[in-house]
Amino acid sequence: MSHSRVSLRIRRPWRFAAEATALIVAAVVAFPLYWMVLSAFKPEGEIQSTEPRPWTTAPSLDSFRRVFQQEDFGRYFLNSLLVAAVVVVASALIAFLAATAVARFRFRFRTTLLIMFLVAQMVPIEALTIPLFFLMRDLGESVPGIGLNTLGSLILPHIAFSLPFAIWMLRGFVKAVPEALEEAAYLDGASRSRFLWQILFPLVFPGLVATSVFSFISTWNDFLFAKSFIISATENSTLPMALLVFFKAEGNDWGGIMAASTVMTIPVLIFFVLVQRRLVSGLGGAVKD
């Protein structure tokens, strides 16, 4: 009994230090988000003040009014939502089928293909923007709806950049499903497609959710492709492009910038709330693998 008390006393300082460190890290990470929301509600005078305060005594919605009064803001929002939804669904389905192929079937250059998936993650997106620009331009001449100034020019590159990570991660989930389960399904008369969609798909669904979060965030926050590929058709611009309106030569509208950024953050938070349980189990399965 005395030994357990001594060990408990020893553990308590370390546990207290760990909890304090976690709280400090959480506060540091959350502070920029807090300051963004606070600045969105601050009146113009407090934002321009030379003595900034971490609170406001006169919250205002003027910055949000300027955001929603911006022309085509709703259209930009719907464009971002459409692009993100298509990328998430398409990349998840393609990655699931590809991960099943590399995990369940043996074929030539399978190892080489997996290594290429890793190498693809090492190439910075900025280095490929110019080649992709010319690729989208040439595709637009032969395939309608995919060239420059279309939403297809945003959807295709994001699917391509999401797939390597998604395939590599889902491969572990597919491998974790025992082959005996697949054999038992075939013995019970299940076809390959039935096993794939009715048995394997639900088992790896947490992994799909985890990869979908990555795809959604990278697509939703994209500015580089939206700026590079949507040149003149402003009706096809996405939400990050709406922020450019508040950057002006005579002075930036920081209230509008923070309000628009807050509006952009809301769908991401909603997405996290909807998938949080599946996300935790998916990341746990990835770490376990």
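Summary table
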{"quantity": "Dmax and Rg, reported as Rg then Dmax, of the chain (C-alpha, Å)", "calculated": "24.1, 81"}
{"quantity": "Cut-off 20 Å (backbone N to label point 7 Å along Cα→Cβ of residue 75), residues of region 153-197", "calculated": "153-155"}
{"quantity": "Equivalent ellipsoid semi-axes - Cα gyration tensor, region 130-255, angstrom", "calculated": "41, 19, 11"}
{"quantity": "FRET efficiency for residue 27 and residue 265, using Cβ-Cβ distance with R0 set to 22 Å, rounded to 0.05", "calculated": "0.75"}
{"quantity": "Contour minus Cα-Cα distance for residue 135 and residue 224 (0.36 nm per residue)", "calculated": "30.5 nm"}
{"quantity": "Backbone N under 13 Å from the residue 128 label point (7 Å along Cα→Cβ), restricted to region 209-243", "calculated": "225"}
{"quantity": "Under the span-like rule (Cα at least 30 Å along the axis, Kyte-Doolittle mean at least 1.6), DSSP H helices of the chain", "calculated": "73-104"}
{"quantity": "Proximal charge balance of residue 46 [Cβ under 15 Å; K/R count +1, D/E count -1]", "calculated": "-2"}
{"quantity": "Semi-axis lengths (Å, descending) of the ellipsoid that matches the C-alpha gyration tensor of region 41-99", "calculated": "40, 17, 8"}
{"quantity": "Percentage of interatomic Cα-Cα distances in region 160-231 larger than 22 Å", "calculated": "41 percent"}
{"quantity": "Projected area averaged over orientations for region 12-58, convex hull of C-alpha atoms, nm²", "calculated": "4.2 nm²"}
{"quantity": "Of the GluC sites (Glu not before Pro) in region 157-259, those whose Cβ has at most 16 other Cβ within 10 Å and which sit in DSSP loop", "calculated": "250"}
{"quantity": "Label-point separation in nm, residue 176 to residue 119, each point 7 Å along Cα→Cβ", "calculated": "2.9 nm"}
{"quantity": "Accessible surface, per residue, of region 71-281 when the full set of protein chains is kept, probe 1.4 Å, Å²", "calculated": "53 Å²"}
{"quantity": "³J(HN,Hα), Karplus 6.51/-1.76/1.60, whole Hz, each residue of region 226-235, x for Gly, Pro", "calculated": "4, 6, 7, 9, 9, 9, 10, 7, 5, 5"}
{"quantity": "Overall form of region 70-123 per C-alpha gyration tensor (a/c, 1.5; a/b vs b/c)", "calculated": "oblate"}
{"quantity": "Percent carbon-and-sulfur accessible area, the chain, ignoring ligands, DNA and RNA, probe 1.4 Å", "calculated": "67 percent"}
{"quantity": "Within region 177-202: backbone nitrogen closer than 16 Å to the residue 105 label point (7 Å, Cα to C-beta)", "calculated": "192-197"}
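The values are calculated or read from the model by the stated rules, or taken from the named source; none is laboratory data. Predicted, not measured: the structure shown is a model, and the values here were computed from it. Quick reminder, even Gly has a Cβ in these numbers, built from the backbone with ideal geometry, and neighbours come from all protein chains shown. Calculation scope for accessible area: heavy atoms of the full protein, side chains included, ligands and nucleic acids excluded. Shrake-Rupley method; radii C 1.70, N 1.55, O 1.52, S 1.80 Å.
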